[in-house]
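Below: the structure, in structure tokens.
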Amino acid sequence: MAAPSETLNCEDFSMFQEALKAIRTIDDRIVHSLNTTVPTVSFSGKVDATQTCQQLYQSMMEAHLSRDKAIKACIAQTSEVVGHLREERTKDADNLAVLKQLRKEQTKLKLMQSELNVEEVINDRSLKVFNERCRTHYTPPKVK
């Protein structure tokens, strides 16, 4: 999997969302992954469920961390642009182009920040599904 920070376009919010959608596929397909890799009781002898659950958990956590990092990097980058535009506005309060650009960047920043909330919901849902199917096979390490 490519590093999301390289694939996220922080300039254009719609491209940012499209890239996030693409790198969220592991969470979108968690139920399918669990159904196809974690055996039911009748097939439990044929597959090492502990190893399968552990691998799935690790890839899920890597995806969550990399997406979180990428979103926060875009938020930081956009915050910097907003800060710069605020400075420009204080120097020239009548410049409509600066005011318009500032509003646009502030809106984009709010939308990016809301993606962190979306990310939290997606991560919680994935972990819930994972725990339902893998709790008897693998217990993830406690997060500090």
Item checked: Cross-chain or 6+ apart pairs with Cβ under 6 Å, region 52-72 first and closer than 15 Å to Ile23 by Cα and assigned to a helix (DSSP H, G or I), then among the polar types (S, T, N, Q) and open to solvent by 10 Å² or more (accessible area, probe 1.4 Å) -> His64/Asn123; Ala70/Ser5
Notebook entry, point to check: What number of residues within region 15-38 are more than 14 Å from the chain's Cα centre (by Cα) and closer than 20 Å to Ala76 by Cβ?
Noted result: 1
Next item on the list: Scan region 91-103 residue by residue and report those that are open to solvent by 100 Å² or more (accessible area, probe 1.4 Å) and not in a loop (DSSP other than H, G, I, E, B).
Entry: Lys91, Leu96, Lys100, Arg103
Notebook entry, point to check: Among the residues of region 39-61, is any aromatic (Phe, Trp, Tyr) and at pLDDT 90 or above?
Noted result: yes
Margin query: Go through region 104-144 and report how many residues are open to solvent by 60 Å² or more (accessible area, probe 1.4 Å) and more than 23 Å from Leu20 (Cβ to Cβ).
Written below: 9
Next item on the list: Go through the residues of region 60-72 one by one and say whether even a single one is charged (D, E, K, R), open to solvent by less than 60 Å² (accessible area, probe 1.4 Å) and within 28 Å of Asn35 (Cα to Cα).
Entry: yes
Check: Within region 62-103, which residues are farther than 30 Å from Pro140 by Cβ, of a type in the set (Gly, Ala, Ser) and modelled with pLDDT under 95?
Finding: Ala93, Ala97
Next item on the list: Please identify the pairs in which a residue from region 96-121 that is within 12 Å of Val82 (Cβ to Cβ) has its Cβ atom under 8 Å from the Cβ atom of a residue that is of a type in the set (D, E, K, R) and part of a helix (DSSP H, G or I), counting only partners at least 6 apart or on another chain.
Entry: Val98/Glu88; Val98/Arg89; Leu102/Arg86; Leu102/Glu88; Leu102/Arg89
Note to self: Being outside any helix (DSSP H, G or I) and either in contact (Cβ under 8 Å) with a residue 40 or more places away in the chain or not β-branched (Val, Ile, Thr) (or both): is that true of Tyr138 here?
What the structure shows: yes
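The values are calculated or read from the model by the stated rules, or taken from the named source; none is laboratory data. Everything numeric here is computed off the predicted structure, so don't read it as measured data. With ideal geometry, Cβ positions are generated from the backbone for all residues, glycine too; neighbour counts draw on all protein chains shown. Only protein heavy atoms, including side chains, enter the accessible area calculation; ligands, DNA and RNA are left aside. Shrake-Rupley method; radii C 1.70, N 1.55, O 1.52, S 1.80 Å.
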